[in-house]
1. So for the range 340-348 (the condition being surrounded by 22 or more Cβ atoms within 10 Å (Cβ to Cβ), within 27 Å of GLY240 (Cα to Cα) and not charged (D, E, K, R)), does at least one residue qualify?
2. Determine which single condition THR264 fails, assuming it passes every other condition in (1) in contact with a Ser or Thr (Cβ under 8 Å, 6 or more places away or on another chain); (2) closer than 23 Å to GLU199 by Cα; (3) touching a residue at least 40 places away in the same chain (Cβ under 8 Å).
3. Please go through the range 282-294 and give me each residue that is touching a residue at least 40 places away in the same chain (Cβ under 8 Å) and outside any loop (DSSP other than H, G, I, E, B), ordered by number.
4. Condition test on LYS162, is it modelled with pLDDT under 90, crowded, with 17+ Cβ neighbours inside 10 Å and more than 30 Å from LEU300 (Cα to Cα)?
5. From the residues in the range 373-395 that are within 21 Å of ARG425 (Cα to Cα) and either in contact with a Ser or Thr (Cβ under 6 Å, 6 or more places away or on another chain) or touching a residue at least 40 places away in the same chain (Cβ under 8 Å) (or both), which one is surrounded by the fewest Cβ atoms within 10 Å (Cβ to Cβ)?
6. Kindly list the number of the only condition in (1) modelled with pLDDT of 85 or more; (2) among the acidic types (Asp, Glu); (3) over 28 Å from LEU303 (Cα atoms) that fails for GLU117.
7. Within the range 355-372, which residues are within 15 Å of the chain's Cα centre (by Cα) and either of a type in the set (Gly, Ala, Ser) or surrounded by fewer than 21 Cβ atoms within 10 Å (Cβ to Cβ) (or both)?
8. Would you call THR329 under 23 Å from ILE382 (Cβ atoms) and surrounded by 21 or more Cβ atoms within 10 Å (Cβ to Cβ)?
Amino acid sequence: MRLLLMLGLQSHFESNSSCCYHMYLYIACVSKQRDDEWEHILNSKIWTLPHTECGIIPALRLSYHHLPTQLKRCFVYCTTFPQDYEFRETELVLLWMAEGLIQPLEGNKQMEDLVGEYFRELVSRSFFQQSGNSGPRFVMHNFISDLAQSVAGQLCFNLEDKLKHDKNHTILQDTHHVSYNCCRRFEIFKKCEALKEVEKLRTFIALPIYGGPLWCSLTSKVFSCLFPKLRYLRVLSLSGYHIKELPNSVGDLKHLRYLNLSRTAIERLPESISKLYNLQALILCQCRYLAMLPKSIGNLVDLRHLDITNAVKLEKMPPHIGNLVNLQTLSKFIVEKNNSSSSIKELKKLSNIRGTLSILGLHNVADAQDAMDVDLKGKHNIKDLTMEWGNDFDDTRNEQNEMQVLELLQPHKNLEKLTISFYGRGIFPSWMRNPSFSLMVQLCLKGCRNCTLLPSLGQLSSLKNLRIEGMSGIKNIGVEFYGQNVKSFQSLKSLTFSDMPEWEEWRSPSFIDEERLFPRLRELMMTQCPKLIPPLPKVLSLH
């Protein structure tokens with residue numbers, strides 16, 4: 001029955017070629033399962049419209065009509081962005097969360113997982129499509145964007161698009177969500193003036209222009225004009241602006257849930273940010289001048305995402321960060337010497353951490369028992385983990401303590417990527433050769449110059465990329481590298497050895513048929529290995 005109905009639709013499309021592409025999008029969007037639903041579509045009055053009325057908007061409006069209510073809200077919100085804007089899934093998920101565009105949670109499901117399902121559902125219905133230009137980015141087709149704008153009305157829009165068609169356009173009282181494109185300093189204040197009639201704006205996003213100037217300037221005059229008018233704001237993004245500081249008045253934005261200052265020149269944040277008790281996401285990635293986080297940031301108990309990726313000047317954590325028990329994103333944690341407020345034990349209560357985590361300053365862990373309290377093995381959502389000690393190998397290093405710390409920081413078996421840098425002990429712990437890490441696809445051992453014996457990495461069945469760098473204590477690589485299994489490095493595609501000044505010999509184990517070694521290897525790089533003497537394992541000459 002369903003096949004016959006679909007053939008009926010196809011016949012209609014072929015008889016009306018101007019609607020053919022539009023109707024294809026419509027079928028992709030509705031995803032109907034029951035025959036009566038398809039029959040309802042076939043009998044819809046939309047197909048009887050004359051040629052001049054069979055435009056994209058009425059056709060696609062049916063597909064929008066069949067969306068669940070929560071997906072409608074999420075879809076319409078996307079008209080805040082200009083046409084052809086490329087966005088990431090994580091970007092939209094955090095914005096939708098901040099605006100409360102989700103149903104109540106069921107069971108133990110996290111908000112991020114539920115909203116992520118919303119995004120993937122809209123992708124499956126072709127409302128979003130992957131951009132071919134920027135990797136994991138998505139766009140809305142112009143027809144889809146037109147549909148969203150027609151439904152949104154004045155609720156949300158990009159100010160740039162509006163001013164393009166109406167130079168005197170003012171934002172109405174019922175507008176909730178606004179974005180505008182980065183512009184020169186003298187234009188910014190003018191655009192802020194367009195907000196003068198709006199009292200309950202909930203989203204204000206300054207969009208960076210990729211490929212344009214890195215920074216646009218914001219003056220204190222703009223902040224003094226802007227912040228008093230935005231008391232109901234939930235989302236504020238000033239990413240890419242030349243901002244060195246925020247005024248204390250940012251703490252008056254009591255409803256704020258999302259604050260994005262990424263790629264700015266911010267040097268420190270005002271303590272008043274710690275009064276934003278509803279804040280869920282604080283995005284500070286690429287803030288290369290940021291030297292300090294607010295001391296009272298532990299008060300933000302609703303904070304779920306603290307992204308400090310590539311905040312290279314940030315050298316210590318604020319006190320009591322362990323109070324942020326809802327935190328899911330903490331891209332970097334720095335262990336300080338003799339500082340109980342930034343002890344590694346602060347990670348103990350952060351049981352919801354997921355994604356990427358870098359733990360730096362591990363040479364400052366004085367008591368190995370503190371590493372056990374972290375319970376990395378119980379944090380099953382961490383996929384990409386970096387553990388880094390100091391690169392100064394002086395007499396103050398306690399090698400035995402470092403080995404105990406690394407042993408006790410055993411991650412969960414769900415780990416996919418691991419980097420260990422400047423570890424000071426001569427051997428690695430037993431868990432690194434554990435074949436139960438069946439999901440690990442990438443491993444990097446860097447600057448562990450006291451290491452004399454590599455772990456049995458051949459047992460990692462899914463390992464695709466292996467990099468061993470700066471291991472000046474390694475003289476020989478032999479059977480220990482492969483493990484006792486007759487199948488070794490079965491998934492490895494890329495193998496790199498770099499800066500191995502004392503490495504002399506590389507042997508294959510006699511009990512393994514060489515043809516079974518590295519069966520999928522496609523790339524082998526060996527640089528700065530001056531003492532390595534042939535022959536190499538024969539199998540390498542075949543790749």
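The values are calculated or read from the model by the stated rules, or taken from the named source; none is laboratory data. Values in this document were obtained by computation on a predicted structure and should not be read as measured data. In this analysis, Cβ positions are derived from the backbone assuming ideal geometry, glycine residues included, and neighbour counts consider all displayed protein chains.
1. Looking for residues that are surrounded by 22 or more Cβ atoms within 10 Å (Cβ to Cβ), within 27 Å of GLY240 (Cα to Cα) and not charged (D, E, K, R), one finds none in the range 340-348, hence no.
2. (2)
3. ILE283
4. yes
5. ASN391
6. (3)
7. GLY355, THR356, SER358, listed by residue number.
8. So THR329 passes the test.
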